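Encoded as structure tokens, the structure appears first; notes follow it.
The values are calculated or read from the model by the stated rules, or taken from the named source; none is laboratory data. Since the model is a prediction, treat every value here as computed from it, not as a measurement. No Cβ is skipped: glycine too gets one built from the backbone with ideal geometry, and neighbour counts run over all protein chains shown.
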Amino acid sequence: MELDTIRYLTEGLWQALILIVSFDREVYRIVLTSLYCSVTATFLGSAIALPLGFFIGGFEFRGKASLVTIFNTLMALPTTVVGLMGYSLLSRKGPLGFLGLLFTPWAVILGETILCIPIITSFAISVTQGIDSKVRETSLTLGASPMQSYLAVVREGRIGYLVAIVAGYARVVAEVGAAMMLGGNIRGFTRTIPTAIMLETSKGEFALGIALGIILIFLAFSINIILHRLRALGE
């Protein structure tokens, strides 16, 4: 029985490696769809979260502490809750149903954007608060305009902001709940790596599931290496 199990796992792994090295069309179509959704979501989320984090971290105002707490709490926002909210908004009877976005890549991107915004914002707040206030004061003393002084702060924390973006991407690249609920896991259209792994495993197609799992692990390792290098540059 143990030999049969080992043989079964070995064959599944071997078939998975064949799918990867032979550039199987189905495998890489899923990978490209997943990368398209996660990269686009990270870009959109960063465009919102970085300025927001810079503002919250760089200025003092009433309710700042509460706002920081809210974003820190939202970092653990369950993906299924995001999927439920998105489905309610985008379904035919929802307020945004007329857009026809449900079960499209843009629905997946919307869900993943919502997921990465709190993480990038929280990181950006920490980075901005950690920058010495003398950076802006010195630039103003040397004759810089207010905008140039803010840019000096951004340059000082650029590595930290890049880490925030990478952390946001790490949050969404392996996301499954919102992608399944909002994208529908449609073959060749909205099927991402995590949703495909779930489907293929439930069907007994372990070779395809293992192949996608290997690629997902590779992406995770790559993200961790990038984070490590960026943090090393910032020290």
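Hey, does segment 56-67 have a residue that's within 22 Å of residue 158 (Cβ to Cβ) and in contact with a Pro (Cβ under 8 Å, 6 or more places away or on another chain)? Reasoning before the result, please.
First, pick out the residues of segment 56-67 that are within 22 Å of residue 158 (Cβ to Cβ): 56-59.
Filter once more, keeping what is in contact with a Pro (Cβ under 8 Å, 6 or more places away or on another chain): none.
No, segment 56-67 contains no residue that is within 22 Å of residue 158 (Cβ to Cβ) and in contact with a Pro (Cβ under 8 Å, 6 or more places away or on another chain).
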**Request:** Can you give me the number of residues within segment 172-196 that are crowded, with 23+ Cβ neighbours inside 10 Å and either closer than 30 Å to residue 131 by Cβ or free of Cβ contacts under 8 Å to residues at least 24 places away in the same chain (or both)?
**Result:** 3
**Prompt:** When residues of segment 173-182 are filtered for being touching a Gly at 6+ places or on another chain (Cβ under 8 Å) and in a helix (DSSP H, G or I), how many remain?
**Reply:** 6
**Request:** For segment 56-71, indicate whether the set of residues that are within 20 Å of residue 192 (Cα to Cα), assigned to a helix (DSSP H, G or I) and touching a residue at least 12 places away in the same chain (Cβ under 8 Å) is non-empty.
**Result:** no
**Request:** Could you please let me know if residue 152 is modelled with pLDDT under 85, surrounded by fewer than 23 Cβ atoms within 10 Å (Cβ to Cβ) and part of a helix (DSSP H, G or I)?
**Result:** yes
**Request:** Only residues that are in a helix (DSSP H, G or I) and β-branched (Val, Ile, Thr): list them for segment 183-207, please.
**Result:** 193, 195, 197, 201
**Request:** Specify which of the listed residues (145, 139) is surrounded by fewer than 16 Cβ atoms within 10 Å (Cβ to Cβ), more than 20 Å from residue 52 (Cβ to Cβ), hydroxyl-bearing (Ser, Thr, Tyr) and modelled with pLDDT under 95.
**Result:** 145
